[in-house]
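Quick note: the coordinates plus some simple rules give every number you see, no bench work behind them. No experiment lies behind these values; they were computed from the predicted model shown. In this analysis, Cβ positions are derived from the backbone assuming ideal geometry, glycine residues included, and neighbour counts consider all displayed protein chains.
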Amino acid sequence: MKDFDSKLDRRTVLKGGAALAGAAAASSLPFGSAFAAGYPDRNIKVYVPTREGGGADRLLRSVTGVWKNHIGTNFEPSFFPGAAGRVGYEKYMGLAKDDMYEFLFGNMGPEVLNWVVKKPTFDLNDFQYFAQVDSDPGILFVSRRSKFKTVDDIIAEGKKRTLNVGVSRLAHPATLGALALAKHTGAKFNPIPLSGGKNTRAGVATGEMDLGALPSGGIVNRAKTFKVVLMFSHTNPLPGRSDNAPTMNAHFGTNMPSLIAGSRAFGIKKSAIAKHPDRFAKVEETLKKAFADPAFKEAYAKTKSPWEFVGLRSAAQAKEYADNIAKIGAEFKDLLAGKQT
Amino acid sequence: MEYDLAFFTEMLGRTLALWWVLIPSIFLGLVVGAIPGFSAANTIIILLPLTLALEPEIGLTFMVGLYASSRMGAGIPAILVNIPGTAGAAATPLDGYPMTKQGRGQQALSMSFVASITGGLFTTIIALITLPWLSQVAFYLHSVEMIVIMFFGISLIATIAAKDTLKGLIAGFFGLMIGFIGTDVVYETPRGTFGFLELYDKVPLIPALVGLFAISEAFAVIEKQSIVTERGKAAMQEPGWAQTFEGVRIAASKWWHITWNSLIGLVIGVVPGAGAAIASFVAYQQSKTYSKTPELYGTGHVEGLIAPESANNGVTSGTLVPLLVIGIPGGATAAIMLVVLQFHGVTVGPDLFITSPELAFGPFTAMAVTYALMILTVLPLARYMSHITVVSTIYMAPIIISFTLVGSFVPRAYLFDMNLALVFGVIGYVARKTGYHVAAILIGVILGPLMETFFLRAMKMSQGDIMVLFSSSIGNTLWVFLVISLALPYIMNRRNGKREKAAAHDPYG
Amino acid sequence: MADDAGAQEKKPVSIGSELIIPIAALAFTLYYFYTIWNAPWTAQVAAFIVGSVLILLVVLILIKSFRQLSRGDGEINFDNLIEPRSYIPKRLTLLGLTIAYIFVVPWLGFTITTFLFLSLAMLVLSDFTKKRLILSLSATLSLGGYLLFIVAFKTRFPAGPFENLMNGLF
């Protein structure tokens, strides 16, 4: 309050003006001619299969904001929201050239599950993820106002009545976690797809849902509103920010694979890598440099998402993750497609 | 949350010191609001490099100014050329455009400005005072209650259909079916998409809006000299500010109407996921139901213009409430504001009012100041803007078409959407020429999918028990109100049965 | 908006054009039903309720039209859709130009296409008078649009020769 009082003077106005000028300067590009020769000599287009302003957009901005200095060109995000990522992938596979100037930046977990429910029009073998950027575990959470304080409260109540579980969508790793928990404990969960994390948080916060299942990112940074009660990953990367929530395997003695619910990754047409291995090498190398750059940690910190999630993983690791999710999805396929109530 | 008068006075002074941010944001907001396809949300996104670089308080003030003024800007082309810039302005041309045709464009603009400004200012102040209580609304209006609220809006189809019930209902139900295009929200089954992936996420609203209203009008209007009728042109000869003042006077005399409808907007705005389109249709329906002259709606009736305009500005203040109090944005623009705040490390939620009250209350004072500044900056423009309507259709029709095609492209950058706008233009043209009300189609397209979403959610939660619709006491109260508001026109009609129905339409009534 | 009606009370209703919307609605509803026939209940419930009512309404209007026809109150024609006939060529040209706009814009880019569309459409509507005014108006508007939409708002409109040239220059 004190410094808020003292700030009300002419300086506020002047500082604002300076900030405006600074912003103008910042929007012009800060790279020199070091990378001017050869690839890349123009902007790289990134297809994002979700909405502008969403989680993927924010993460992409913080990554490319630093990466552009290392690779020497600007990144142009193009947003193709629709059908839970389907539109973006179909557009990318249909429109993008394989010249290493067009990438896709998606959320592997839910988008891989898409193909389990309904196959795409393109051949999945023509596409691959080449760099996994973050890993955000799926969690179960409640509102701070809820009468549930722990996962045991939830299970006990779930044995008496059916609980409504707000989820982003059915074909989502966090939903699979909730379903697996219900199956294991005998509690009755009714997953309600609310079309996106934003609506899911609203549903849980306003008390319409008994609890929610989402990636942890949007929840741990709203610790005053929500409480994490269970993690579907093998370890809790954020004990301090999640009320030290237990993991499912530790608490219930299950043997589930780690359900990483949000795992943003860059993808590309395989033919682009085959055609331009030299360019691909440069992409991989500069991305590694960007991740090592302290500026990235700084930019990322501003999104308030936990740094613990960030970690560059290779193409092989990304593939392993995608295959894993596809396998669990296949187990629940009928439920995801509505063939079973 | 104990804050005294001194605190608010200081907040106000603080916001006024940011006038240099607000004035440009007001003009920018008016421009982007008036261009279909652009909105406060996507303008803020375009300007993210700027807003992110600004200090959070300045950035927030900028965004709020843009948000409030863009809402008002959207009403301008809706009134003058029948192009609602956003879904929130979709109810505005119902009476605004007929007024323009009668040569009362200037008056209509100033009326809508006054309704928007006072409605917005009033609800912002109410929101500020009642914040602790208002923030609870979202805890009581869930899917079931929203279904009933949507029915208020959808029942407008029947009201609009009054002249030719069968045709009106066909138009409305056709609109609803078109609105159901896209995947279902539970199992994501594609439906009625003709195989287009671009339709999986439902019919995009801007192409539908501009197609049905504007493109169809452009094709129809070429047989006339200008949008304004000959009689209207004569009326427009009256020079100067008189019409502006007349508009202000009329709007001021309807202060109770503005108050009531902006409150409808405020409450609907507080519910996450509801928004301006629902609010303005509900307000229009309510206004007409309780009016003494319901038959004048749609012919250029003052209250038919004031109701949606005050309601959609009420929504603007409403959407800030859940954003700041529980960290849940009430609409697209609020969601972008959240992104900017998070970028600056500001955690939104109840504790914001304790940790940084200047950020928590700032948006509300900024909004109040924006509305106050708009009285001075925007009202004088009505006189000049309205002249666009006497421009010959030789120029207007092609300009409207190219302008709206651009607008339908912008939100998603899909060329497909331009084709869609044309298809809706053709549907709208045929409907218009053969006596099917385009507004009825549009209400279906806008409200149909929202309604289905809430309905499926309620049904999924109750595991298929239809009685869930009558399971909440608030919901049941709303049902009773709905039945009353549907029955009332018939009761009134029978009571006034003797009165001449088609009384001569006094254009200044 | 509904001001186009009226004025022709005595004339028989032109049933052909008045049935376009109902027939289109019916066809679309049947197609929609076809796409959800084997879908989960969530995809069906709302559409089946609304669609059934719509089909019923269309049947009612068909019966009504049939009775109008047999009573001689209606005729099968498309008069109220195409009247006044003198404007048919202009209207069709405008429609054709609009379709052309959408198809050409990916190749010629925003600015050139908009200029061509505006000037051709205005020339046709004005019976090729006021050529100088129209050409300069179209040029101003399309350049203004370029500055506003592409330079200022960075809209991702397709780039054509003009946009590429400007990009190369600056």
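Quick notes
- Rounded Å value of the spacing that divides the Cα centres of segment B:157-208 and segment C:99-120: 30 Å
- Packing, taken as the mean count of other beta carbons within 10 Å per residue, orders the peptides B:11-20, B:210-219 from highest to lowest as B:210-219, B:11-20.
- Extension gain for the segment A:LYS289 to A:THR162, taken as residue separation times 0.36 nm less the Cα-Cα distance, is 40.8 nm to one decimal.
- Using a Förster distance of 51 Å, the FRET efficiency for A:ALA281-A:ARG144 (Cβ separation, nearest 0.05): 0.55
- Taking chain C as the region of interest, the number of lysine pairs whose Cα atoms are within less than 30 Å, with members eight or more places apart or on different chains, is 6.
- Label zone at B:THR355 (point 7 Å along Cα-to-Cβ), backbone N below 12 Å, segment A:215-253: A:221-225
- Counting Lys and Arg as +1 and Asp and Glu as -1 over every other residue whose Cβ lies under 15 Å from the Cβ of C:MET122, the net charge comes to +4.
- For segment B:439-468 versus segment B:381-409, the gap between their alpha-carbon centres in whole angstrom: 36 Å
- Summing charges over all other residues whose Cβ lies under 12 Å from the Cβ of A:LEU95, with Lys and Arg as +1 and Asp and Glu as -1, gives +1.
- Debye log10 I(q)/I(0) for segment C:86-169, one point scatterer per Cα, at q = 0.12, 0.13, 0.25 Å⁻¹: -0.38, -0.44, -1.18
- Cβ-derived FRET efficiency at R0 56 Å, C:LEU165 paired with C:ASN77, nearest 0.05: 0.65
- Its Cα centre serving as origin, segment C:11-82 has a Cβ charge dipole (Lys and Arg +1, Asp and Glu -1) of approximately 140 debye.
- Relative contact order, percent, segment C:86-169 [alpha-carbon distance under 8 Å, six or more residues apart]: 40 percent
- What the phi angles of segment A:265-275 give under the Karplus curve with 6.51, -1.76 and 1.60, with θ = phi - 60°, is a coupling list of 8, 8, x, 7, 5, 4, 4, 5, 5, 5, 6 Hz, glycine and proline written as x.
- Evaluated with a Cβ-only charge set (Lys, Arg +1; Asp, Glu -1), chain A carries a dipole of roughly 840 debye about its Cα centre, given to the nearest 20.
- Shielding by partners for peptide A:85-96, expressed as the average number of C-beta atoms from other protein chains within 10 Å of each residue's C-beta, is 2.
- Between 0 and 90°, nearest 10: helix C:131-145 axis offset from chain C longest Cα axis: 90 degrees
- Out-of-range pairs (alpha-carbon distance over 21 Å; input A:LYS68/A:LYS289; B:LYS101/B:LYS224; A:LYS68/A:LYS198): A:LYS68/A:LYS198
- In nm, spacing of pseudo-spin labels at B:ARG494 and B:PHE7 (7 Å Cα→C-beta vector): 5.5 nm
- All other residues whose Cβ lies under 12 angstrom from that of B:SER392 are scored, Lys and Arg at +1 and Asp and Glu at -1, for a net of +3.
- Convex hull of alpha carbon positions in chain A: directionally averaged projected area 19.7 nm².
- Computed P(r) (all Cα pairs; segment B:5-495; 10 Å bins; percent): 4, 20, 32, 28, 13, 3, 0
- Across peptide B:131-142, the mean count of Cβ atoms from other chains lying within 10 Å of each residue's own Cβ comes to 2.
- Number of partner chain Cβ atoms within 10 Å, mean per residue of B:167-179: 6
- Under 5 Å, built H, 5+ apart or other chain: amide partners of C:GLY74: C:VAL13, C:LEU69
- Binning the C-alpha pair distances of segment C:11-82 at 5 Å intervals from 0 yields a P(r) profile of 3, 16, 21, 18, 13, 10, 8, 6, 3, 1 %, listed from the shortest bin outward.
- Pairs from A:LYS118/A:LYS302; A:LYS160/B:LYS460; A:LYS97/A:LYS319; A:LYS288/A:LYS327 whose Cα-Cα separation, in the structure shown, is over 27 Å: A:LYS118/A:LYS302; A:LYS288/A:LYS327
- Chain B: relative contact order as a whole-number percent, Cα under 8 Å and 6+ apart: 28 percent
- Applying the Karplus relation 6.51 cos²θ - 1.76 cosθ + 1.60 with θ = phi - 60° to segment B:427-442 yields 3J(HN,Hα) values of 4, x, 5, 4, 4, 4, 6, 10, x, 9, 6, 5, 5, 5, 4, 5 Hz, where x marks Gly and Pro.
- Near A:LEU214, the amide H atoms lying under 5 Å from its own belong to A:ILE139, A:PHE141; only residues 5 or more places off or on other chains count, and H is placed 1.01 Å from N.
- Projecting the Cα atoms of C:SER14, B:LEU373, B:PRO411 onto the charge dipole of the protein assembly as shown (Cβ charges, centred on the Cα centre) puts C:SER14 farthest toward the positive pole.
- Choice from A:ILE268, A:ILE155, A:ILE260 with maximal GNM fluctuation in chain A (Cα, 10 Å cutoff): A:ILE155
- For the protein assembly as shown, the Cβ-based charge dipole about the Cα centre amounts to some 540 debye (Lys, Arg positive; Asp, Glu negative; other atoms uncharged).
- Computed over segment A:136-260, the ratio Rg/Rh where both radii use C-alpha atoms and Rh is Kirkwood: 0.91
- Distance (nanometres) between label positions extended 7 Å along Cα→Cβ at C:LYS131 and A:ASN125: 6.2 nm
- Modelled this way, with points 7 Å down the Cα-to-C-beta line, the labels at B:LEU381 and B:TRP19 are 1.9 nm from one another.
- For segment A:136-260: relative contact order, % (alpha-carbon pairs under 8 angstrom, 6 or more apart): 34 percent
- For the protein assembly as shown, the Kirkwood hydrodynamic radius comes to 29.7 Å, computed from all pairs of different C-alpha atoms.
- For A:PHE127, the residues whose modelled amide H falls within less than 5 Å of its own, excluding neighbours fewer than 5 places apart on the same chain, are A:LYS270.
- Across segment A:183-191, rounded Karplus estimates of 3J(HN,Hα) from the backbone phi angles (6.51 cos²θ - 1.76 cosθ + 1.60, θ = phi - 60°) give 4, 6, 9, x, 6, 9, 10, 10, x Hz, Gly and Pro being marked x.
- Two-site FRET efficiency, C:GLN68 against B:ILE466, from Cβ-Cβ distance with R₀ of 35 Å, rounded to 0.05: 0.35
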